[in-house]
Amino acid sequence: MSRHVVSERAGRKVAVVMPALNAASTIGPMVEAIPREWVDEIVVVDDGSTDETLRIARDLGVRVVWHPHNAGYGANQKTCYLDVLQRDAEAIVMLHPDGQYEPRLIPELVGPILSGEADFVLGSRMMAPGAARANGMPRYKIVANRLLTGIENRAMGTKLTDLHTGYRAYSRRFLLGVPFLRNASDFSFDSEMLMQASALGFRIAEVPASSRYFDDSSSIRFLPAVVYGLKTLAVTARLALHRAGVWRWRKLGG
């Protein structure tokens, strides 16, 4: 990280939010691996876990918020962002607590935000050729990712490499500017955030990231992944219709 970005970090609040569901076996090591010199606050939001996630999180010295029942991945994120926005976070990183993404990359994710170069940063698993497969990403997911990303790029007018990564960082300006509370409560929340960024003119950047795939990771299984893909295509179509003035969409600020 450059000296310029380090200087931008001074006095500006960086928060890490961790949307958790049944992450008892991984959440401790993940929190410990977060570079604390770059992070002012860590918030774990437990979405009605049925294991020991909530108890373990409370022993980690982080802020813990819990849902009394499972509300969904998107609903969990809504709680995450509302919580840190109300305590003046200026750069917000979403880090899955299951060990799939590397906490050491947090400085790279927040760097473009703190330097004023981007409002929304994606940790791309696809920037380095062959890296996704080398890290265990199933072939069908690589193919689906490239296909969906290509379609979304066309609709958004972008040339990004991985629009389906779960490793993301947002500026305060972005989260205050997009109506994310209107978004879906399931995994399509992430796709809606991308369409909102495009429709409302926010700057999106990417940095290289790696991920690991294993039994406890939060990666979507095959059938839910198909549903997610179809919903992503529907969201992308809504962006095109919204921009054409055919069907205005309230989620895009209309």
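The values are calculated or read from the model by the stated rules, or taken from the named source; none is laboratory data. What you see is a predicted model; the values in this text were computed from it and never measured. Ideal geometry is used to build each Cβ from the backbone, glycine not excepted, and the neighbour counts take in all protein chains shown.
Descriptive notes on the structure:
- If the condition is being more than 22 Å from LEU82 (Cβ to Cβ) and of a type in the set (D, E, K, R), then segment 14-58 contributes GLU32, ARG36, GLU37, ASP51, GLU52, ARG55.
- Qualifying residue in segment 174-185 (condition: more than 20 Å from ALA237 (Cβ to Cβ), of a type in the set (Lys, Arg) and surrounded by fewer than 20 Cβ atoms within 10 Å (Cβ to Cβ)): no
- When LYS159, LYS141 are checked against the criterion of being surrounded by 16 or more Cβ atoms within 10 Å (Cβ to Cβ), among the basic types (Lys, Arg) and either in contact with a Lys or Arg (Cβ under 8 Å, 6 or more places away or on another chain) or farther than 22 Å from GLN86 by Cα (or both), a single residue qualifies: LYS141.
- Some residue of segment 234-248 being surrounded by 17 or more Cβ atoms within 10 Å (Cβ to Cβ), touching a Gly at 6+ places or on another chain (Cβ under 9 Å) and either without any contact (Cβ under 8 Å) to a residue 24 or more places away in the chain or not in a helix (DSSP H, G or I) (or both): no
- Here VAL121 meets the list (1) part of a strand (DSSP E or B); (2) free of Cβ contacts under 8 Å to residues at least 40 places away in the same chain almost entirely, failing just condition (2).
- Failed item, numbered, when ILE113 is tested on (1) over 15 Å from the mean Cα position of the chain (by Cα); (2) part of a helix (DSSP H, G or I); (3) surrounded by 20 or more Cβ atoms within 10 Å (Cβ to Cβ): (1)
- Only one entry in LEU147, LEU223 is over 18 Å from GLU117 (Cβ atoms), part of a helix (DSSP H, G or I) and at pLDDT below 95, namely LEU223.
- The numbered conditions (1) part of a helix (DSSP H, G or I); (2) touching a helix residue (DSSP H, G or I) at 6+ places or on another chain (Cβ under 9 Å); (3) under 29 Å from ALA24 (Cβ atoms); (4) acidic (Asp, Glu) are all true for GLU108 except (2).
- For segment 19-28, a residue qualifies if it is under 13 Å from LEU60 (Cα atoms) and of a type outside the set (S, T, N, Q), and the qualifying residues are ALA24, ILE27, GLY28.
- Residue check for MET137: in a loop (DSSP other than H, G, I, E, B) and in contact with a strand residue (DSSP E or B) (Cβ under 6 Å, 6 or more places away or on another chain): no
- Sole residue being part of a helix (DSSP H, G or I), over 18 Å from GLN77 (Cβ atoms) and of a type in the set (A, V, I, L, M, F, W, C), chosen from LEU230, LEU181: LEU230
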